[in-house]
Amino acid sequence: MVKMKVSKVLVVALVLVMVLSTASFAASSMNIVQGTPKIDGEIDAVWATANTVKSEIFIGGDASTNNVGEFKALWDEDNYYILAIVKDEVISDASADSYQQDSIDWYLDVANNKTVEYDAIDGQFRANFANVSSVMHRADTSGFVTAAKEIDGGWLVEAKVPFLKKMKAGDVVGIDFQVNNDNDGDGVRDGVSNWAALSGDGWKDTSQFGGEGVLVAAPAAKPATTTTTTANPKTGDDNNVLLFGIIALIAAMTAVFVLKGKKKAASYK
Ligand SMILES: [Ca+2]
Ligand SMILES: [Ca+2]
Ligand SMILES: [Ca+2]
Ligand SMILES: [Ca+2]
């Protein structure tokens, strides 16, 4: 009877631990497939292997004046690559400030350590539809390349950002993507949309990026068709949850054995 009660309590505790551990890992996540595109504004075949996410979190302005961008990412040992396709009916760089122009921002926290201050190799990167680009926070801008052009119904940006360290499959980077939209061409930004942002403070606080990219190997066989990663994709975090569950289970079994032993010892008294 006592044993049954103890087991029930342990099962409830185990479920609670697993639910809580899942909740603590609820960041937006995408798998970033290995691949090396050429940065020329043309969409290479390798982009078809990359996952796509959309900027549908509206941080600033009227949501009706926000443009949604589609973003893809690839990686290799040295570089992080992005492709952005933005639907935009009125294209403008009337403002002297690049963030007020039709432009995209993308964010990179290389070690995914989510500090407030940007580390030296972290950065916020920007390019507008006319391929005017800039790098914020990161002093070393070597190897940063962008290509942009207008397309039917909007514009695209293809870009390369060196990680400034060697990366490997399994590494996780902190990321986000953003579209800045001047909706009426008056030189004032009307809307901002992000993929993962936790607030509008990503420009000064890497803990607010809200997104994680898991570097995964290139597909072995024929490239798969493009897929969209949305809610709770499978990531390395699932391994953490599983590990947590196994540890909790072992702890529970140990507790049962200890209690059993105690009961036995008591009966020998
Ligand atoms: Ca290309
Ligand atoms: Ca960092
Ligand atoms: Ca616009
Ligand atoms: Ca405007």
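Numbers for the structure displayed
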read-out: Extended-chain gain in nm, criterion 0.36 nm per residue less alpha-carbon gap, D78 and A45; value: 9.9 nm
read-out: Cβ-Cβ FRET estimate between K165 and K54, R0 fixed at 30 Å, reported to 0.05; value: 0.55
read-out: A111 versus K87: modelled label distance in nm, points set 7 Å from Cα along the beta carbon direction; value: 4.1
read-out: Coordinate range along principal axes, alpha carbons of region 28-231, Å, largest first; value: 47, 37, 34
read-out: Segment A217-D184, extension gain: residue separation times 0.36 nm, minus the distance between their alpha carbons; value: 7.7 nm
read-out: For peptides 77-86, 197-206, sequence by mean Cβ density within 10 Å, most packed first; value: 77-86, 197-206
read-out: Mean-position separation - Cα centroids, region 184-205 and region 122-164, in angstrom; value: 16
read-out: Potential lengthening between D119 and V135 on full extension [0.36 nm per residue; Cα-Cα distance subtracted]; value: 4.4 nm
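Readers should treat all values here as calculations from the given coordinates under stated rules, not as data from a laboratory. Every value quoted in this text rests on a predicted model; they were computed, and no experiment measured them. Positions of Cβ are generated from backbone atoms using ideal geometry, with glycine treated the same way; all protein chains shown enter the neighbour counts.
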